[in-house]
1. Looking at (1) outside any loop (DSSP other than H, G, I, E, B); (2) of a type outside the set (Ser, Thr, Tyr); (3) closer than 24 Å to ASP170 by Cβ, find the lone condition where ILE22 falls short.
2. Take the conditions outside any loop (DSSP other than H, G, I, E, B), surrounded by fewer than 18 Cβ atoms within 10 Å (Cβ to Cβ) and acidic (Asp, Glu) and apply them to GLU72. Does it pass?
3. Can you pull out the residues in the stretch 45-69 that are modelled with pLDDT under 65, more than 15 Å from the chain's Cα centre (by Cα) and either surrounded by 14 or more Cβ atoms within 10 Å (Cβ to Cβ) or part of a helix (DSSP H, G or I) (or both)?
4. Just checking, how many residues over the stretch 150-159 are surrounded by 16 or more Cβ atoms within 10 Å (Cβ to Cβ) and at pLDDT below 95?
5. Collect the residues in the stretch 112-144 that are assigned to a loop (DSSP other than H, G, I, E, B) and either in contact with a Cys (Cβ under 8 Å, 6 or more places away or on another chain) or of a type outside the set (S, T, N, Q) (or both), keeping them in residue-number order.
Amino acid sequence: MRIPKIKRQERLRETIEETPFITDEELAKKFDVSIQTIRLDRMELSIPELRERIKTVAKVQWTETVKSLPLEDVIGEIIDLELDRRAISILDIGREHVFTRNNIARGHHLFAQANSLAVAVINDELALTATSELSFMRQVHQGERVVAKAIVKGISDKGLTIVHVDSFVDSEKVFAGTFHMYRSTEKKGE
């Protein structure tokens, strides 16, 4: 049984406020309507499309800016950043990221998202990956959204900053990496 339009729009607004990164496709499934209906509802309610919601949330949440590389060099879109502590980015897997034969994401894109996030979280003008340890948990397919979360774990005995990155599709971990990062200004353990 379909929900009346006014009630659906009320619930749509609540859902987007609670989960700003939800896609129109996910909303259409949730409310059992077409994607076009969701888009029309959003327009009537003056709710921007996903990409604009992400940018808005990012502007509100960011307390600092990336220092170690230009933002256009980050793979994915950074939505949260606290230098030398943590960062989050999202990457929507499109046709350009997958093998044409099976629509499975090429591993180097998942690595690049995680690695560039590990670089971006470093509070320095220059940050380079010295070493990395990686694990891929499952294949990622075209159309999926990968959320990468970086946490600075500390300083190694060699003076390298240790950054751990976990990447998820929904709540399922698909990638894990530990990056040992060189920085131009040496930082001693605290």
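The values are calculated or read from the model by the stated rules, or taken from the named source; none is laboratory data. Everything quoted here is computed from the prediction, not taken from an experiment. Cβ placement follows ideal geometry from the backbone for every residue including glycine, while neighbour counts extend to all protein chains displayed.
1. Among (1) outside any loop (DSSP other than H, G, I, E, B); (2) of a type outside the set (Ser, Thr, Tyr); (3) closer than 24 Å to ASP170 by Cβ, the lone unmet condition for ILE22 is (1).
2. Yes: the conditions hold for GLU72.
3. Residue satisfying the conditions is VAL60 alone.
4. Number satisfying all stated conditions: 1.
5. Let us first name the residues in the stretch 112-144 that are assigned to a loop (DSSP other than H, G, I, E, B), namely 121-126, 137-140, 142-144.
Within the stretch 112-144, VAL121, ILE122, ASP124, GLU125, LEU126, MET137, ARG138, VAL140, GLY143, GLU144 meet the criteria.
Yes or no, residue by residue, for (1) in contact (Cβ under 8 Å) with a residue 40 or more places away in the chain; (2) not in a strand (DSSP E or B):
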position: ILE88; (1), (2): yes, no
position: LEU110; (1), (2): yes, yes
position: VAL146; (1), (2): yes, no
position: ILE151; (1), (2): yes, no
position: ASP157; (1), (2): no, yes
position: SER167; (1), (2): yes, no
position: THR178; (1), (2): yes, no
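Results for (1) within 16 Å of GLY76 (Cβ to Cβ); (2) modelled with pLDDT under 95; (3) exposed (fewer than 15 other Cβ atoms within 10 Å of the Cβ), shown as yes or no for each residue.
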position	(1), (2), (3)
ASN115	yes, no, no
ALA120	yes, yes, no
GLU125	no, yes, yes
LEU134	no, no, no
ALA148	yes, no, no
ILE162	no, no, no
VAL165	yes, no, no
GLU190	no, yes, yes
